[in-house]
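Before any comments, here is the structure.
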Amino acid sequence: MAKRIEASNVSSYYGSFKAIDNVSMTVEPKTITALIGPSGCGKSTFLRSINRMHEVLPNARIEGRLTIDDQNIYDPDVDITAVRRMIGMVFQRPNPFPTMSIYENAVAGLKLNGVKKKSLLDDAAEKSLRSANLWDEVKDRLDRPGAGLSGGQQQRLCIARTIAVEPQVVLMDEPCSALDPISTLAIEDLMFKLKDRFTIIIVTHNMQQAARVSDKTGFFSIDKTGEPGRLIEYADTQKIFSNPSQKKTEDYITGRFG
Amino acid sequence: MGDYPSRSVNSTAGHLGVTPRHAQGAGSGVSPSAYEEPPIGGGGALPKKSRFSLETGFRGLSTAAGAMVLVIIVAIAVFLISKAIPAIQADSENFLTYNRWSPNEATPAFGIAVLALGTVLTSLIALVVAVPIALGIALFLTHYAPRRLATPLGFVIDLLAAVPSVVFGLWGRDLFQQPVRDFSVWLNHYFGWLPIFGGEGPFGQSLMLGGLVLAIMVLPIVTSLSREVFQQTPGMNEEAALALGATKWEMIRTAVLPYGKPGVIAAVMLGLGRALGETIALALTLGITWEISFNLIQTGGNSIAANIANSFNEANDTGRGALIASGLVLFAITLIVNMTARAIIYRRREFRDSAA
Ligand SMILES: Nc1ncnc2c1ncn2[C@@H]1O[C@H](COP(=O)(O)OP(=O)(O)OP(=O)(O)O)[C@@H](O)[C@H]1O
Ligand SMILES: [Mg+2]
């Protein structure tokens, strides 16, 4: 239920602008990997390159090689929708479908994949909402609008929606940036729980969060605006936060911790 | 609204054109209130709220505007009804069911049945044909066409909306009639067993021709409004659907169409409004007969608005009253349609209101 992601020499472009340059890293199954770095250094771009959401934008393209368990994600013969089903994504801002109820949101991915049987959908809705630590809060109002929940609940609903299709890898782009500390902790707990089943890659600006949840950490940086972002250091989280091998990493981390 | 010219005066010559009373009401930069000196955040005692402020002025203005609309509507309604009632009382036949229109005779005999049926059928044909095409074009423009193509194409469609209806009417009568006649013959040949496509002919100036011309007139309205609606779908919802593994069409079905539904319904209603009220294009393209018939392709058909245009000139007093009464029926039809649409839009309202 979890797969290895391997990036070699990945560069991503927006038109002629190169946003990230030559990123290589391997993410092991059933681990949590945190990506940190200053704003604009290409963390989101890299994350979106992994599930081919990058190319949704006009003129966006990538170079290099990305594989999931040795299958090339960018193979011209590969079905893009299959890639995205295998590699789910949670966005920075909670984005439940505004026209759907909580229940419909939770099973939206399954319906898209042709699951029609009510009992299957019911089970999946309950299971994914439980996994997302949301079930107890919403079980009595599953038919209410998903957008009527609080921000933290909406984000957990989006997580439920993502994991309901049982992906192999879950990408999270600053999933807690709009949330209060309690919701943040709830989502961090959730990540620990989900780690048994999924490979998780999370972008975060919160250094403590990276230190708390992740097994490995990648530090991206950028020399100056207009330059592409680069992966400066990628190692065990422990090592990055206690004894980074790069001066830039140390500056960034200590700068933040003061 | 009559007060607005002062805006242009303001923009060129300060508040020269504003009367003293206005100057106090609208402020014009110099506040008459107790906020006398900076700092803006205040310093001393809490100032009194001003009695005559911009706020009061605007509230009065907008209340007046709202009241004016009501007054105008009531005045029009009273006028129309007062004209219509004597005519209907003079009618020697049932106004709702009779199928002739002779209100100018010594014993007036007229009924709305044929006209109302024609109005409804032509509008239905127009919507059935135009709405799917319009939605298709709108989706193509917003989600499939490259921008280089979408912008000029959208412009051309907006241009189509600006063509006066008499042009469509003449075009429909003189050029479009032949293809529609051929199409009608074909329909009659293969689908003649359906009553709506039956009959012996002649074909041509039929409800079908009128409806298709209306469809072309309705198309740009529905297209350009739907396009705007579809463009407003939040990008993050589209991405959410794509990230779940949706194809483009599935994404449109999951995120774009449900989100745009109320807007599309509104667009269709505006289109329907135009179709129901269309006068000259139908006066030129329909066969103008007085049979109650659901046949769409035989020469014939009539509509409320077309009949008003055709008969107004030679109408006497009762005749004009009768036409006004038919206009009220058209108004009632439009109202029912609009209220139904609103009911549909409001039904899932909470889902939209809570959408951030
Ligand atoms: N849609 C886009 N079109 C063009 N350039 C873009 C687009 N999105 C991002 N970029 C550029 O790509 C670079 C990397 O952006 P990205 O969003 O990946 O940064 P990030 O590390 O996620 O930053 P943040 O921490 O602020 O989210 C930036 O220079 C940004 O301006
Ligand atoms: Mg980002």
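The values are calculated or read from the model by the stated rules, or taken from the named source; none is laboratory data. Computed from a predicted structure; not experimentally measured. Cβ atoms come from the backbone with ideal geometry, glycine included; neighbour counts cover every protein chain shown. Calculation scope for accessible area: heavy atoms of the full protein, side chains included, ligands and nucleic acids excluded. Shrake-Rupley method; radii C 1.70, N 1.55, O 1.52, S 1.80 Å.
Could you list, ordered by first residue, the pairs with Cβ atoms under 7 Å in which the first is in segment A:87-99 and at the interface with chain B (Cβ under 8 Å from one of its Cβ atoms) and the second is assigned to a loop (DSSP other than H, G, I, E, B), at least 6 apart or interchain?
A:Gly88/A:Val165; A:Gly88/A:Pro167; A:Met89/A:Asn51; A:Met89/A:Met53; A:Arg93/A:Ala178; A:Pro98/B:Ala355
Working carefully through the options A:Thr254, A:Thr249, find the one that is of a type outside the set (Asp, Glu), assigned to a helix (DSSP H, G or I) and either more than 16 Å from ligand 1 (Cβ to nearest atom) or within 22 Å of A:Glu126 (Cα to Cα) (or both).
Details: A:Thr249 fails: either more than 16 Å from ligand 1 (Cβ to nearest atom) or within 22 Å of A:Glu126 (Cα to Cα) (or both).
After applying the criteria, what remains is A:Thr254.
Please go through segment B:200-252 and pick out each residue that is among the charged types (D, E, K, R), more than 14 Å from chain A (Cβ to nearest Cβ) and either buried (at least 24 other Cβ atoms within 10 Å of the Cβ) or closer than 30 Å to A:Met89 by Cβ (or both).
B:Arg227, B:Glu228
How do the pairs read when you match residues in segment A:22-48 that are more than 18 Å from A:Ser11 (Cβ to Cβ) with residues anywhere that are within 11 Å of ligand 2 (Cβ to nearest atom) and aliphatic (A, V, I, L, M), using Cβ under 8 Å and keeping only pairs 6 or more apart or on different chains?
From segment A:22-48, the pairs are A:Ala34/A:Val203; A:Ile36/A:Val203.
Condition check: free of Cβ contacts under 8 Å to residues at least 60 places away in the same chain and within 16 Å of ligand 1 (Cβ to nearest atom). Does A:Lys224 satisfy that?
yes
Against the condition within 16 Å of ligand 2 (Cβ to nearest atom) and either hydrophobic (A, V, I, L, M, F, W, C) or within 14 Å of chain B (Cβ to nearest Cβ) (or both), how does A:Val83 come out, does it pass? Even if it seems obvious, please write down each step before you answer.
On the way: within 16 Å of ligand 2 (Cβ to nearest atom): no; either hydrophobic (A, V, I, L, M, F, W, C) or within 14 Å of chain B (Cβ to nearest Cβ) (or both): yes.
No.
Name, by its number, the condition in (1) under 26 Å from B:Val268 (Cβ atoms); (2) not assigned by TED's automatic domain parsing to the domain that holds B:Leu323 that does not hold for B:Pro164.
With respect to (1) under 26 Å from B:Val268 (Cβ atoms); (2) not assigned by TED's automatic domain parsing to the domain that holds B:Leu323, B:Pro164 is out only on (2).
Condition first: in contact (Cβ under 8 Å) with a residue 24 or more places away in the chain, within 14 Å of chain A (Cβ to nearest Cβ) and either over 22 Å from the mean Cα position of the chain (by Cα) or open to solvent by 20 Å² or more (accessible area, probe 1.4 Å) (or both). Can you find one or more residues in segment B:157-169 that meet it?
no
Does segment A:167-195 hold any residues that are within 14 Å of the chain's Cα centre (by Cα), open to solvent by 20 Å² or more (accessible area, probe 1.4 Å) and within 16 Å of ligand 2 (Cβ to nearest atom), and which are they?
A:Glu174, A:Ser177 - these are the residues of segment A:167-195 that are within 14 Å of the chain's Cα centre (by Cα), open to solvent by 20 Å² or more (accessible area, probe 1.4 Å) and within 16 Å of ligand 2 (Cβ to nearest atom).
Out of the residues in segment A:1-45 that are more than 12 Å from ligand 1 (Cβ to nearest atom) and in a loop (DSSP other than H, G, I, E, B), state the one that is farthest from A:Asp251 (Cα to Cα).
Going through the qualifying residues, I end up with A:Met1.
Taking A:Met89 as meeting all but one of (1) touching an Asp or Glu at 6+ places or on another chain (Cβ under 8 Å); (2) more than 16 Å from ligand 1 (Cβ to nearest atom); (3) open to solvent by less than 60 Å² (accessible area, probe 1.4 Å), write down the number of the exception.
It fails just one condition, (2).
Within the group A:Arg48, A:Arg61, A:Arg65, which residue is out of contact with any Pro (no Cβ under 7 Å at 6 or more places or on another chain), in a helix (DSSP H, G or I) and either modelled with pLDDT of 90 or more or facing chain B (nearest Cβ under 7 Å) (or both)?
Answer to the selection: A:Arg48.
Go over the candidates A:Gly42, A:Gly37 one by one and state the one that is surrounded by 19 or more Cβ atoms within 10 Å (Cβ to Cβ), at positive phi, within 13 Å of ligand 2 (Cβ to nearest atom) and more than 15 Å from the chain's Cα centre (by Cα).
Sole residue among the options that is surrounded by 19 or more Cβ atoms within 10 Å (Cβ to Cβ), at positive phi, within 13 Å of ligand 2 (Cβ to nearest atom) and more than 15 Å from the chain's Cα centre (by Cα): A:Gly37.
Which of the residues spanning segment B:254-278 are open to solvent by 50 Å² or more (accessible area, probe 1.4 Å), of a type outside the set (D, E, K, R) and within 16 Å of the chain's Cα centre (by Cα)?
Hit for segment B:254-278 is B:Leu270, nothing else.
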